[in-house]
Amino acid sequence: MSGQIRKKIERKLRIRGYGLKMDGLEEILFFVNRFQDAEDEAIDLLLDHLDHQSLKSSIIDKEAVHPVISLLLEAEAAEEESPSSSSSSCHSSIRVVDAFLVPKFRYDPIKKHFFQHTGSLPIHGEASAKAALYRDRFLLLFQRVSRDQHFIKPAFDTDVETSLCYQKYYWGFEFDKETILLAAINNTISGWSKRKEMGDGCHLSVGGRRYKITTGFFTENTIIVAEGEMLSEGIFQVNTCGFPPLENRDKSFKVLAGHDIFGCGTLTKEDTLRLADLEKRAVNDMFVILSNIWLDNEQKVMEKLEAILDGFENVEIVPSLFVFMGDFCSRPCNLSFHSFSSLRLQFGKLGQMIEARPRLKEQSKFLFIPGPNDPGPSMALPRCALPKYLTEELQKHVPNAIFLVTPAVNSNRLGVKFYTQEIVFFRQDLLYRMRRSCLLPPSTEETDDPFEHLVATITHQSHLCPLPLFVQPIIWNYDHCLHLYPTPHTIVLGDRSEQKAFKYTGITCFNPGSFSDDNTFVAYRPCNQEVEFSAL
């Protein structure tokens, strides 16, 4: 019997994305064995309360689980009288994945499979790490495109016109206005078919020649597929250039062969079906997402924020998760900033506001994501969490607040697992910077909405910030934290631009707007991926 309970505990922990050490397992067994006829309810109750804790790691040991068990044992008698009460207090399965703890995988083009990087990943990488950054980005997209039906040459080519087609396909990392394509990485794919699926872009003239581009922002360091003709002079004349085609999420998972790239644990087929069923029934779960919250602005921000908390405190079912994105100060927290003690008090005041609303404090989680101008050791991505000095006053009032526990927990790129759904949050003024760095005016044939161009760019590039490193520095060894592969279900781009939502190839992408500028925010229902724009 004990062996069956052990397997049950391990399975339930795995479903919620936890790992387990032996001392942690023994501690949980000690608790569960007190409920001989209600083991499932006891395990679920324990995990529900464990989800509310700010854990140092997703690996559960005795130190992490013992305080939770101690509190639950105080209510043991009440739980035995009403074992079903655990289900009524069950919190939705929300797991937060820190960017710095996302496992690193690389693609081997010879063996044609992914392998996990082992060993340490220092923040200050060697020079080879910079070259590896570009190689890994390229190979990630190369393996994806090589499986696309439009880039696979048929075994028997019977169409004479097609086989004599002059077109060839080239890969390139960088291009500029003078040369169109700097690097022809691969010219071995013969032109066996004309590509019409690359999109109908607008006609532009560069160097006296007109050509087409597809939707998106074409900047340096973006990886493109170019279609054209190799002239007798050895010049590759581009007719159309665009981004690598997207791949279905399920198809990507088959190639990954069970690897956990998102960083929230792998699931069996049975576990996935069970979670999918729970997800469909979680119609009351809602995320409230606010970006650019200036805590030092009393009238325009703090008073409005208090009104929002009052409103959600009085609804029938409170939100499962509040996501607060920076910047948390109206002034950049750089070397000339000398008001850290004041900002610390303002975080404490926010904690008092939440504590004064008991239903939110007890039933909701609060996730804080730093902005580009918030305090931190550097401006490189991914950024570390806010310093503990600023946040510890808030955490005294709100135990469900998710901040840093160790120096490497939390960042401005965060993943959230909601049952089977993968949701990525990214706080960066990306739209403005992408438009500034764009080498060519974006196509207006399919859309003239800059946000839609941005979404197309990051999804096709499988990268949250495909800007040149001199525009946006990235920690070389942690570039994989910004990858979008396989494509997540939802991408939340916190940006100072206006509210926008765009469903692109099944991926829900939206910007909640800037709360400090126009008091806008978003209420998001993950069960059906419904985005509700809100404002005060």
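A few notes on this one:
- Remark: relative contact order (segment 1-77) = 39 percent; criterion is Cα-Cα distance under 8 angstrom and separation of 6 or more residues.
- Gyration tensor (alpha-carbon) shape descriptor, segment 225-311, a/c threshold 1.5: oblate
- Loop-located trypsin sites (Lys or Arg not before Pro) in segment 101-131 whose Cβ has at most 14 other Cβ within 10 Å (DSSP): LYS111, LYS112
- Considering only TYR18, ASN33, LEU47, and ranking their Cα positions along the charge dipole of segment 1-77 that arises from unit charges at the beta-carbon of Lys, Arg, Asp and Glu, the one farthest toward the positive end is TYR18.
- Computed FRET value (nearest 0.05) for SER341 with LEU439, which takes r as the C-beta separation and R₀ as 30 Å: 0.10
- Between GLN299 and GLN53, the contour length at 0.36 nm per residue exceeds the alpha carbon distance by 85.3 nm.
- With all protein chains in place and a 1.4 Å probe, the accessible surface of segment 1-77 carries 51 percent carbon and sulfur.
- Stretching ARG135 away from ALA257 to a fully extended chain increases their span by 41.7 nm, per 0.36 nm per residue minus the current alpha-carbon distance.
- Accessible area per residue in Å² at 1.4 Å probe, computed on segment 1-77: 50
- Solvent-accessible area per residue, Å², over segment 322-383 with all protein chains present [probe radius 1.4 Å]: 39
- If R0 is taken as 45 Å, the Cβ-Cβ distance between GLN352 and LYS7 corresponds to a FRET efficiency of 0.50.
- Full-extension gain in nm, MET22 to SER146, via 0.36 nm per residue minus C-alpha separation: 40.3 nm
- Backbone geometry of segment 347-360 corresponds, through the Karplus equation with coefficients 6.51, -1.76 and 1.60 at θ = phi - 60°, to 3J(HN,Hα) couplings of 5, x, 5, 4, x, 5, 4, 6, 4, 6, 10, x, 5, 5 Hz, x marking Gly and Pro.
- Within segment 311-418, antiparallel bridges make up roughly 10 percent of the DSSP beta bridges whose residues both belong there.
- With kT/(6 pi eta Rh) evaluated at 10 °C and eta = 1.306 mPa s, and Rh the Kirkwood radius from Cα pairs, segment 1-77 diffuses with a coefficient of 129 µm²/s according to Stokes-Einstein.
- Given charges at beta-carbon only (K, R positive; D, E negative), |dipole| of segment 404-500 in Debye: 420
The values are calculated or read from the model by the stated rules, or taken from the named source; none is laboratory data. All of these numbers come straight from a predicted model, not from anything done at the bench. Counting neighbours? That spans all protein chains shown, and the Cβs are built from the backbone with ideal geometry, glycine included. The protein model used for the area step is the full one, side chains on, heavy atoms only, and it has no ligands, DNA or RNA in it. Shrake-Rupley method; radii C 1.70, N 1.55, O 1.52, S 1.80 Å.
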